[in-house]
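Only one structure is covered here, and it is reproduced in the block below.
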Amino acid sequence: MNILTFLKNKLNGNATSSTSSSSSSSDKLKELESFVKNQYENYLPSKSATTPDVPSYERYEYEAPSDEQIKKSAETELGDYVLSGENSIRDEYAQKAKELEANKASSEKQYVDSSQKLKSAYDEAAEALSNDSLKRGLARSSIALNNQAAATQAYTQNVNSLIEQRNQKIAEIDEELNSLDGQLQSALNSFKIGYAAKLTERINELKAEREKNKQEAIKYNNSLLKDEYEQSINKQKTDSDLYSKALSQKQREEAIKDSLSAEDKSKIEKSIYDKVVEVLDSMSFDDAKELFNSEPIFRNILSDYYYYTLYYKYR
């Protein structure tokens, strides 16, 4: 059995030791075996990364807005809508009030104009009656007086009718004007109710969007985690397979054979010899002689030169 085969058996844990060795001798042999193993282990293929490192992907950090932030965002979005809507309602009722005031002024002017026309007509009629009575010599007659009284009565009735019409029209306009404030507030309240519903709808939309973004971020990050995990598992398997292959029995022997130069081999043989001498010298000559001649390890780990050097010493 050569030294490489022996080392192989030692590395695989198949080497046997003499059952008749004492406890002290057994310890010495274990010490020697460990030393020899270490001498050659540095020449074995090292376990290194044979595949690229698994990449670490940058995670997507989604900063979800709070409910308060969502509410403020929705209010900001609808700010122009609120301002425009309220102004539109106020403008509409301001225009109505303006039109009513214009109607009121028009009614007043119509009354004044009608009153003036009626007064002019009355004055003309009264003058005509007076002139007619004078011509007929009836200026102070009961007929003239009755005619004058009838004209005055007609004028008074017409004036009262104009006043009544004017007052009724003004009252109607004032009633409409007075009701505008209530109508305006009612319209604004209805708008606010509609706005509140619209705001709630937008808040719910933004919350749904927030939840969607959160789920997408989780899904994306989980996909990265899964990909990293799968790549890590594949890398471990690949590295393990490659290393196992590199450490196969045949390749271990080939690696040692190929890597050892004559100088390295000589150094290892000398180191092993020195260690054997150290171990044997730590024992009595008789114990050392018995151990050397009974244990096959010395023949297996020592070169011919060093083995026979000790052989002649302990024969």
Checklist outcome for this item: The one condition LYS10 fails out of (1) at pLDDT below 75; (2) in a helix (DSSP H, G or I); (3) over 20 Å from ARG299 (Cβ atoms) is (3)
Checklist entry - Going by the conditions given, is ARG210 part of a helix (DSSP H, G or I), charged (D, E, K, R) and touching a Ser or Thr at 6+ places or on another chain (Cβ under 9 Å)? => result no
Checklist entry - If you check GLN157 against the conditions, is it closer than 20 Å to SER106 by Cβ and either modelled with pLDDT of 90 or more or open to solvent by 80 Å² or more (accessible area, probe 1.4 Å) (or both)? => result no
Item to check | Residue pairs meeting the criteria (Cβ under 8 Å; at least 6 apart or on separate chains; first on the phi > 0 side of the Ramachandran plot, in region 86-115; second among the aliphatic types (A, V, I, L, M) and open to solvent by less than 90 Å² (accessible area, probe 1.4 Å)) | outcome: none
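Yes/no matrix, rows are residues, columns are (1) aliphatic (A, V, I, L, M); (2) closer than 30 Å to GLN168 by Cβ; (3) open to solvent by less than 90 Å² (accessible area, probe 1.4 Å):
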position	(1), (2), (3)
ALA64	yes, no, yes
GLY79	no, no, yes
GLY85	no, no, yes
ASN103	no, yes, yes
SER106	no, yes, yes
VAL112	yes, yes, yes
SER120	no, yes, yes
GLU127	no, no, no
Next on the checklist: Any residue that is outside any helix (DSSP H, G or I), surrounded by 14 or more Cβ atoms within 10 Å (Cβ to Cβ) and either over 14 Å from the mean Cα position of the chain (by Cα) or at pLDDT 80 or above (or both) - is there at least one of those in region 234-248?
Outcome noted: yes
Checklist entry - If a residue has to be surrounded by fewer than 16 Cβ atoms within 10 Å (Cβ to Cβ) and over 24 Å from GLY85 (Cβ atoms) to count, how many in region 171-206 make the cut? => result 5
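The values are calculated or read from the model by the stated rules, or taken from the named source; none is laboratory data. Computed from a prediction, not measured in an experiment: that's the story for all the values here. Neighbour counts run over all protein chains shown; Cβ positions are idealised from the backbone, glycine included. Please note that ligands, DNA and RNA were not included when accessible areas were found on the heavy atoms of the full protein model with its side chains. Shrake-Rupley method; radii C 1.70, N 1.55, O 1.52, S 1.80 Å.
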